[in-house]
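Inspection log for the structure reproduced underneath, given as structure tokens.
The values are calculated or read from the model by the stated rules, or taken from the named source; none is laboratory data. Treat the numbers as computed from the prediction; the structure is a model and nothing was measured. No Cβ is skipped: glycine too gets one built from the backbone with ideal geometry, and neighbour counts run over all protein chains shown. All accessible areas refer to the heavy atoms of the entire protein, side chains included, with ligands and DNA or RNA removed. Shrake-Rupley method; radii C 1.70, N 1.55, O 1.52, S 1.80 Å.
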Amino acid sequence: LPAAMAAPTPVSALVHSSTLVTAGVYLLIRFNMMLVDMIFLKFLLLLSGLTMFMAGISANYEFDLKKIIALSTLSQLGLMMSILSMGMPDLAFFHLLTHAMFKALLFMCAGMVIHMMSDIQDIRYMGGISFYIPLTSLCLNISNLALCGIPFLAGFYSKDLILEMVSMSNLNLMIFFLYYFSTGLTMFYTIRLLFYLMVNDYNLMVVYNLYEEDYVMLKSMFMLLFMSLIVGSFLSWMIFNYPYMIYLPINMKMMVIYVMLMGLFSGYLISNMKIYSINKFLM
């Protein structure tokens, strides 16, 4: 999946949205009734948890913008497959739909940024994007935060429900750790991406190509922005015909928020080390 990101952005968005991502998960959602109580699902749970973990770790060490987005998609795929293997296909479908909204918006913003940087994909060359293309940066940041599961955006409803059902189920500590650590890693590489793109100085003045924004793109981007704000609550009202009973203590209930805050803080600390660039904006 990350290696397919070397393609041009329309190709990679199409491949990403229709073939590599949706087909397998949707097939397993449809055939989920045939797979219950098989030993295959336990292996699938283990493998998808490790997939989430691996993709979250790898995205922290990448410098290609589209490859980071691809690895975050891989992490969300691990989340969908793992909740599918725990026998909740409606939750997996719900997360598939909400994730499609903000990931499509993320791809449009990333393609816009790459086009304006005159086809440079390396995030070390970017910085100060929000000063030149503010509306694209707004859409990029909001979709990134919806991916993290910031409360009351679209990703929060599906992701929080999935993690609470994991907390309710009687699984061992390793699966629990894989889920929550991968959620923290999602926040981690999002903050890293935000620091590299928004906060640094614009450090490649030679290929300075940031013209004013494309308003044809912004129309569709604002539609997707509106969808990735409301579609989580809307779909959770519409498609669940049976309410999920969740009974957890307050610390377990707030565990997603705790993990997000820890990921935010550690991502800020790593970005504050100024490894590859000087954050004059913060100073």
Q.
Just to verify a result, which residue in region 236-252, among those that are assigned to a helix (DSSP H, G or I) and farther than 21 Å from residue 99 by Cα, is most open to solvent (accessible area, probe 1.4 Å)?
A. 250
Q. Do we find a residue being among the acidic types (Asp, Glu), at pLDDT below 85 and more than 15 Å from the chain's Cα centre (by Cα) anywhere in region 89-108?
A. no
(Q) Test of understanding: among 202, 189, which residue is of a type in the set (Phe, Trp, Tyr), assigned to a loop (DSSP other than H, G, I, E, B) and either modelled with pLDDT of 85 or more or surrounded by fewer than 18 Cβ atoms within 10 Å (Cβ to Cβ) (or both)? (A) 202
Q. Within region 117-131, can one find any residue that is within 16 Å of residue 83 (Cα to Cα) and in a helix (DSSP H, G or I)?
A. no
**Q.** Residue among 163, 197 that is part of a helix (DSSP H, G or I), in contact (Cβ under 8 Å) with a residue 40 or more places away in the chain, surrounded by 18 or more Cβ atoms within 10 Å (Cβ to Cβ) and in contact with a Leu (Cβ under 8 Å, 6 or more places away or on another chain)
**A.** 197
(Q) Could you check region 213-235 and list, in sequence order, the residues that are closer than 19 Å to residue 130 by Cβ and either open to solvent by 100 Å² or more (accessible area, probe 1.4 Å) or not charged (D, E, K, R) (or both)? (A) 215, 217, 218, 221, 222, 224, 225, 228
(Q) Going residue by residue through region 109-119, is there one that turns out to be modelled with pLDDT of 90 or more, surrounded by fewer than 24 Cβ atoms within 10 Å (Cβ to Cβ) and among the charged types (D, E, K, R)? (A) no
Q) Within region 25-49, how many residues turn out to be in a helix (DSSP H, G or I) and open to solvent by less than 80 Å² (accessible area, probe 1.4 Å)? A) 11
